[in-house]
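The values are calculated or read from the model by the stated rules, or taken from the named source; none is laboratory data. Note that the structure is a prediction, hence the values are computed from the model and not measured. Reconstructed Cβ throughout: ideal geometry from the backbone, glycine too, with neighbour counts over all protein chains shown.
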Amino acid sequence: DTAVSQTPKYLVTQMGNDKSIKCEQNLGHDTMYWYKQDSKKFLKIMFSYNNKELIINETVPNRFSPKSPDKAHLNLHINSLELGDSAVYFCASSQRAEAFFGQGTRLTVV
Amino acid sequence: GNSVTQMEGPVTLSEEAFLTINCTYTATGYPSLFWYVQYPGEGLQLLLKATKADDKGSNKGFEATYRKETTSFHLEKGSVQVSDSAVYFCALTLNRDDKIIFGKGTRLHILP
């Protein structure tokens with residue numbers, strides 16, 4: 001019973017393509033996040049949703065668009081992928097400030 | 001603004017050595033403080049937390065005490081194991097559902 005699951009785990013794609021990463025949590029949390037982790041392991045928040053509403057949108061290119069169909073899901077769609085988008089993307093959910101993370105999606109843009 | 005600063009890594013120790021990873025924070029209010037651990041190939045998982053001054057969080061032999069006077073939350077373990085090799089992140093949050101602010105992470109490598 002995975003608490004926060006994201007798919008796919010690995011994604012290799014060419015520059016210019018559009019791709020999506022899906023995230024689902026079965027913890028009943030109201031808040032979900034997307035983080036980007038670069039090659040140096042630095043974690044940067046991208047978006048946060050609370051009960052399907054966007055509450056945090058950090059400085060992220062508008063090629064990145066989150067979608068929350070319901071409070072258990074927060075998907076990330078990326079248009080016109082660039083080499084610099086290569087990273088590990090983590091989905092997380094939280095309740096009372098404690099976060100639970102998915103396993104990550106390693107995106108490689110070639 | 002709110003931020004977390006933790007010691008740069010990598011930190012390399014021998015098994016059974018004493019570990020300290022320093023973490024200090026800047027916050028406009030009264031944050032909750034956390035240590036997360038990321039094992040190779042996995043997502044982050046909560047290691048321990050403290051929600052108010054002088055609280056001590058502990059788990060798996062790791063401890064950290066919330067020091068308001070020094071705005072610190074240093075992670076310690078008395079005797080590390082090879083299995084503790086991972087990246088450790090100090091973090092804070094100010095509100096229940098506000099964003100979690102992470103430090104840059106410290107990679108720990110334990111030699112057998």
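Some points to look at:
- Residue A:19 being away from chain B (no Cβ under 13 Å), under 15 Å from the mean Cα position of the chain (by Cα) and at pLDDT 95 or above: yes
- Strands (runs of 3 or more DSSP E) enclosed by region B:32-112 - at least 3 residues per element that are within 14 Å of chain A (Cβ to nearest Cβ): B:32-38, B:44-50, B:86-93, B:106-111
- Any hit, region B:1-23, residues being among the small types (Gly, Ala, Ser), within 19 Å of residue A:99 (Cα to Cα) and surrounded by fewer than 21 Cβ atoms within 10 Å (Cβ to Cβ): yes
- Hits in region B:27-84 - residues which are polar (S, T, N, Q) and modelled with pLDDT of 95 or more: B:58, B:59, B:65, B:70, B:71, B:72, B:79, B:81, B:83
- Checking each residue in region A:96-110 for being more than 8 Å from every other protein chain (Cβ to nearest Cβ) and over 20 Å from residue B:40 (Cβ atoms) picks out A:109, A:110.
- Within region A:42-56, residues that are within 19 Å of residue B:90 (Cβ to Cβ) and at the interface with chain B (Cβ under 7 Å from one of its Cβ atoms) sit with their Cβ atoms under 6 Å from residues that are in a strand (DSSP E or B) and modelled with pLDDT of 80 or more, at 6+ positions apart or across chains, in these pairs: A:43/A:35; A:43/A:37; A:43/B:102; A:45/A:35.
- Cβ-Cβ under 9 Å pairs, at least 6 apart or on other chains, region B:54-71 side among the acidic types (Asp, Glu), far side assigned to a loop (DSSP other than H, G, I, E, B): B:54/B:66; B:54/B:68; B:55/B:66; B:63/B:78; B:69/B:53
- Looking across region A:26-37 at every residue that is more than 10 Å from chain B (Cβ to nearest Cβ) and out of contact with any Phe, Trp or Tyr (no Cβ under 7 Å at 6 or more places or on another chain), the one that is surrounded by the fewest Cβ atoms within 10 Å (Cβ to Cβ) is identified as A:28.
- Selection of region A:76-105 for residues being in contact with a Lys or Arg (Cβ under 7 Å, 6 or more places away or on another chain), in contact (Cβ under 8 Å) with a residue 24 or more places away in the chain and closer than 21 Å to residue B:45 by Cα yields A:87, A:88, A:89, A:103, A:105.
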